[in-house]
Amino acid sequence: MASSSKMKRAVEDEDHEEQFERFDDFTLASSWERFISEIEAVCRQWLADGAKNLLEKGAVCVGSSKSLYTVKFELKYAAKSYFMEYYFETNNDGKVADWSFSLHDLQLSFGVKEFLVIAPQSASGVVLDAPEASKLLSAVAIALSNCSSLWPAFVPVHDPSRKAYIGIQNMGTVFTRRFEADRIGSQVPVKLMHLEGLHELFLSKFVFSPLDFSMHLFKVHFRMKLTYRTIPYDDDDELQGADVEISKSGENPGGDIRNKTQWDDDCPWSEWYSSEDPVKGFDLITIWSEKLVESSLEMAELENASAHEAEKWFILPNVSSKFIDGSVGNTIGFGSQLHLLVTALELSFGAQFMEDFVSVENSGSDNLKSSAVIPPPTVLDRVLKDLFHDGLQLLHFTEGEQKNSRAIKGAPLESLFSQFCLHSLWFGNCNIRAIAVLWIEFVREVRWCWEESQPLPRMPTNGVIDLSTCLVNQKLHMLAICIEKKHQLSKKYQDGDENKDRVSARVEEGGQVKGSSSATIVHGDDIVGERERSSVSDGLHHPETSVSRFHSEAEDVVTSAELRPSDRIRRGSAGVEGMMLLKSYQIMHVPLTQDPPLMTEDMHEERLRAVETFGDSISFSAQLEREILSSDMSAFKAANPDAVFEDFIRWHSPRDWEDDNFGESGEVSTNEATEGSKKDWPPRGRLSERMSERGNKWRKIWNDAPALPASEQKPLLDPNREGEKVLHYLETLRPHQLLEQMVCTAFRASADTLNQTSFGDLKQMTTKMGQLYPTMASTLKPLQANRVFILSEIIEDLRRLCVVFEHVDKLLTVAASLHRKFLQVPRLSEVIFCDYYNFYQPKMGSGSVRGSGDMEFDKRHQVRRQEREAVANMFTQPTANQSWRKVLSMGNLLNGHEPALREIIFAVRDRMRGSYYAASTPRAFQKEIETYRMYICGTSNDLRVALSVASCD
């Protein structure tokens, strides 16, 4: 037993010893070696995958570049976590474009194509310990060497603000390239602010003896990019400085008022709000082609060279961040205010009358009590003054309207109600209480115009009421016409009294007027009275022109004379027609008639319902036109005393007269009539079957119609009655009915205002404005049709429409700004706006949710040679107030502007031969490499230097 237990223990000891020995074999590889092995495995995988497979596995695009992608892998070493990133391009042709705008910072600094970056996973993302940085870089270099990879590797070091890196690259030859970058964040030495000093700094990196660089020639390749930046158009300091100078001197600055005006002062929306200039300025990038420089003196000459000598010019607009992201509500414009009006519409269903919203106690909403603020009376007075006193001139409603504008049942842009709606958008920030106060005062002003017979501003006093507009606009048009007719009637009565007294005096002086000697009596076909003669020509243009009481008095005197029965008095004639009467050898006269009675949309519907109650017992058309027809017949009888019913039909409805001799219509010339020719008289024909049937209503109306000229008839339109009906409608209009019409009118007026903006030949903007009107018409259709709708659904649709409107507003503002700045070079405004439109369009569907708002609009456009002068003129000479704080003394001035950023690349090239992996390279296959390369960028207060050196190790 003892021997067996000893043997067992011996076997266990042996096994334990073997396990211990195997563990020692495993740990021969240190943690650092395992770290290198892990890096190597990841790099081998990336090399094997290639760009195509890495894209499929989820490589991420870097910034705005469309060809640079990156993949990331996490590593751990010595209880620390690191991430390794591999940057690669899809168009990997092996060439490095020095000034490509899509280059990564490391690509531009060191002239590399694809590269690795290894950095700690920390808040700073840099390696603060120098030994740790060297160890990381060594590990990556060994791993890449084991993979036979030529990727350069970089490690960020020092403070993050310094953007400092160290790096290394195995070039596959006997050469190894090392990289180092750092920046000077404090005051840069004056020497390094000039090209000559920078050139000497580069030479000092490979010329080790203290030589006088100006006396020795070194062939250095030189490339340069200068960026000029315009002074911001809304420079507040400049405005304040200008105001101070003016106030101190007390003098008028003369014609130079650009510091006192806004950029959009002459834009159509400037009457309502001032928009922020979306284009704050421009960056002009000038690129100088590569030159071979041999001395520092040449660098001094280059510093004094004109920017026009640069090989290429590129321009980059500086667009405000508010116009870059897709969020709405961050700019003030029609879109934001329309959104508030829609909210007011939603609240309007909570009351019966507009007065209910004026008193906070009756509003019934705590939210309304706290947020709805009524502006002070001075603001209200200013709005009413603009509406009723400054807008007395009659404007052209069709000007500025888009062709699809009439599809929206609103009011014309320059009309009174349209201007009221636009004012409402800004009055009290468009809350329902402020709208109620403004509406009540608006109606009071309208009533004052009615009672005082004052013209209603911004409304036509004649014409036909446009039923395609909203009902409030129709009512205001009706009221304007009633006021005008009321004023005419009042003036007519005053003139009539004066004429009556004048005629009476003449009768008393001259005694009884004889038919042979009176100037007011003309036998046969002549028109009676001198006043009647003048009314003929006027009546052709104004059919409602009334004959004065002077004629009535004169006619009364004439009828007292003894006249033959055939010599009846003709009244209310507007001229001869050219046809002969059937029963009397006289030329037919055209009567002065009344205009058809004007009716608004609700009046038409009311009459339609009234007619429908009669059923089939009465013809719809005859009932609707009975009053007009009776008036026309009376006027025709007065102008043609010997006329019969058939004569009226021949004049009023020629289709109901069937002529026996086609082509012989009975028309004769005036000369033939006066000469007494009877060859075409009487005209031969008959009434149509419709007019000749028994019980014809037209004949009945004819028999009942008295012979009265239009001036003596009862007006078809009673201005007093219709005017009071309009005011009653306005004063009792329900809040939701008013707000529905206001929403439609405000959208239409806002779009028509923006449509007047001048933005040049920008096709995308023209298309977008054309699409806006059908979108508004379809969304607003439920409000226009006066149908019952689901409130929540229409409110949600209207809010989406507000979002669309605000996006279009942003696009239009950018288009207008670019057009103004590139009047001399419209091609640039077109290409810049095209890129901006393509950049912004995907954001238009995001609404208030930020989409890709972190993306920057940094599209640059090349300036052609013939466009350079116009672009250079945009860089106006800086004033003393602008330039004192911006002088950098860097040279290469452009109209007094120094470059805001200077980027320079110095390089020395040499041929390489020999390789670690191949035999000696034949001379024919030797290639040139940059043994020394220095990238310098910055200004007087911020200079960054990146150096790469290829050495033989």
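Whenever a residue of region 121-134 is farther than 17 Å from GLU180 by Cβ, its partners that are not small (Gly, Ala, Ser) and not in a loop (DSSP other than H, G, I, E, B), lying with C-beta atoms within less than 7 angstrom and at least six residues away or across chains, give the pairs GLN121/TYR82; GLN121/PHE83; SER124/PRO160; GLY125/PRO156; GLY125/PRO160. Say we look at region 697-726 and pick out the residues that are touching a Phe, Trp or Tyr at 6+ places or on another chain (Cβ under 7 Å) and under 13 Å from ARG626 (Cα atoms); which of these is least open to solvent (accessible area, probe 1.4 Å)? This residue is TRP702. Test ALA78 against the criterion of being at pLDDT 90 or above and either surrounded by fewer than 19 Cβ atoms within 10 Å (Cβ to Cβ) or small (Gly, Ala, Ser) (or both), and give yes or no. It is false that ALA78 is at pLDDT 90 or above and either surrounded by fewer than 19 Cβ atoms within 10 Å (Cβ to Cβ) or small (Gly, Ala, Ser) (or both).
Scanning region 743-762 for residues that are modelled with pLDDT of 90 or more and surrounded by fewer than 17 Cβ atoms within 10 Å (Cβ to Cβ) gives GLN756, SER758. Going by the structure shown, is SER134 more than 23 Å from MET934 (Cα to Cα), among the hydroxyl-bearing types (Ser, Thr, Tyr), open to solvent by 40 Å² or more (accessible area, probe 1.4 Å) and over 43 Å from the mean Cα position of the chain (by Cα)? No: the conditions fail for SER134. Do the conditions hold for VAL60, that is, is it more than 29 Å from ILE285 (Cβ to Cβ) and either at pLDDT 85 or above or in contact with a strand residue (DSSP E or B) (Cβ under 8 Å, 6 or more places away or on another chain) (or both)? Against the criterion (more than 29 Å from ILE285 (Cβ to Cβ) and either at pLDDT 85 or above or in contact with a strand residue (DSSP E or B) (Cβ under 8 Å, 6 or more places away or on another chain) (or both)), VAL60 does not qualify. Restricting PHE73, PHE83 to residues that are open to solvent by 60 Å² or more (accessible area, probe 1.4 Å) and either in contact with a strand residue (DSSP E or B) (Cβ under 8 Å, 6 or more places away or on another chain) or of a type outside the set (Ser, Thr, Tyr) (or both) narrows the list to PHE73.
Going by what's in this entry, would LEU739 be described as part of a helix (DSSP H, G or I), open to solvent by less than 20 Å² (accessible area, probe 1.4 Å) and not hydroxyl-bearing (Ser, Thr, Tyr)? Criteria met by LEU739.
Of all the listed residues (SER148, SER109), the sole one being out of contact with any helix residue (DSSP H, G or I) (no Cβ under 8 Å at 6 or more places or on another chain), small (Gly, Ala, Ser) and surrounded by 19 or more Cβ atoms within 10 Å (Cβ to Cβ) is SER109. Within region 606-633, residues that are under 20 Å from ILE701 (Cα atoms) and of a type outside the set (Gly, Ala, Ser) sit with their Cβ atoms under 6 Å from residues that are modelled with pLDDT of 65 or more and open to solvent by 50 Å² or more (accessible area, probe 1.4 Å), at 6+ positions apart or across chains, in these pairs: ILE628/PRO596. Within region 426-446, the set of residues being under 20 Å from PHE349 (Cβ atoms) and open to solvent by less than 10 Å² (accessible area, probe 1.4 Å) comprises CYS430, ILE432, ALA434, ILE435, ALA436, LEU438, TRP439. Applying a threshold of 8 Å to beta carbon distances and a minimum spacing of six or more residues, or different chains, the list of pairs starting in region 153-181 at a residue that is on the phi > 0 side of the Ramachandran plot and ending at one that is in a loop (DSSP other than H, G, I, E, B) reads HIS158/VAL126; HIS158/LEU128; GLY172/SER148; GLY172/LEU150; GLY172/SER915; GLY172/TYR916; GLY172/TYR917. Return a yes/no flag: does region 627-635 have any residue that is at pLDDT 80 or above, acidic (Asp, Glu) and crowded, with 17+ Cβ neighbours inside 10 Å. Within region 627-635, one or more residues are at pLDDT 80 or above, acidic (Asp, Glu) and crowded, with 17+ Cβ neighbours inside 10 Å.
Candidates SER148, SER138, SER134: the one that is at pLDDT 85 or above and on the phi > 0 side of the Ramachandran plot is SER148. Only residues that are exposed (fewer than 14 other Cβ atoms within 10 Å of the Cβ), at pLDDT 75 or above and not charged (D, E, K, R) were counted across region 902-953, and they come to 3. Inspection of region 767-776 finds no residue satisfying the criterion of being basic (Lys, Arg) and at pLDDT below 90. With respect to ALA310, is the statement that it is more than 16 Å from the chain's Cα centre (by Cα) and open to solvent by less than 10 Å² (accessible area, probe 1.4 Å) true? When the stated conditions are applied, ALA310 passes them. In region 438-464, which residues are modelled with pLDDT under 90 and among the aliphatic types (A, V, I, L, M)? Within region 438-464, just VAL464 meets the criteria. Candidates THR813, THR779, THR745: the one that is of a type in the set (Ser, Thr, Tyr) and over 29 Å from MET599 (Cα atoms) is THR813. Taking region 182-208 as the range and being touching a residue at least 24 places away in the same chain (Cβ under 8 Å) and among the aromatic types (Phe, Trp, Tyr) as the test, the residues that pass are PHE202, PHE206.
Within region 289-336, the residues that satisfy the criterion of being among the β-branched types (Val, Ile, Thr) and within 30 Å of TRP269 (Cβ to Cβ) are ILE315, VAL319, ILE324, VAL328, THR331, ILE332. Only residues that are at pLDDT 85 or above and among the aliphatic types (A, V, I, L, M) were counted in region 370-399, giving 6. Taken residue by residue, region 23-41 has at least one member that is among the aromatic types (Phe, Trp, Tyr), modelled with pLDDT under 90, in contact with a strand residue (DSSP E or B) (Cβ under 8 Å, 6 or more places away or on another chain) and surrounded by 14 or more Cβ atoms within 10 Å (Cβ to Cβ).
To keep it simple, each residue is scored yes or no on (1) modelled with pLDDT of 90 or more; (2) surrounded by fewer than 17 Cβ atoms within 10 Å (Cβ to Cβ); (3) of a type in the set (S, T, N, Q).
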{"site": "VAL803", "(1), (2), (3)": "yes, no, no"}
{"site": "PHE822", "(1), (2), (3)": "yes, no, no"}
{"site": "SER829", "(1), (2), (3)": "yes, no, yes"}
{"site": "TYR836", "(1), (2), (3)": "yes, no, no"}
{"site": "VAL849", "(1), (2), (3)": "no, yes, no"}
{"site": "ARG864", "(1), (2), (3)": "yes, yes, no"}
{"site": "PHE875", "(1), (2), (3)": "no, no, no"}
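For region 310-332, the set of residues classified as modelled with pLDDT of 90 or more and not hydrophobic (A, V, I, L, M, F, W, C) consists of GLU311, LYS312, PRO317, ASN318, listed by residue number.
The values are calculated or read from the model by the stated rules, or taken from the named source; none is laboratory data. Everything numeric in this text was worked out from a predicted model, so none of it was measured. Neighbour counts run over all protein chains shown; Cβ positions are idealised from the backbone, glycine included. Accessible surface is based on the protein model in full, side chains and every heavy atom, while ligands, DNA and RNA are left aside. Shrake-Rupley method; radii C 1.70, N 1.55, O 1.52, S 1.80 Å.
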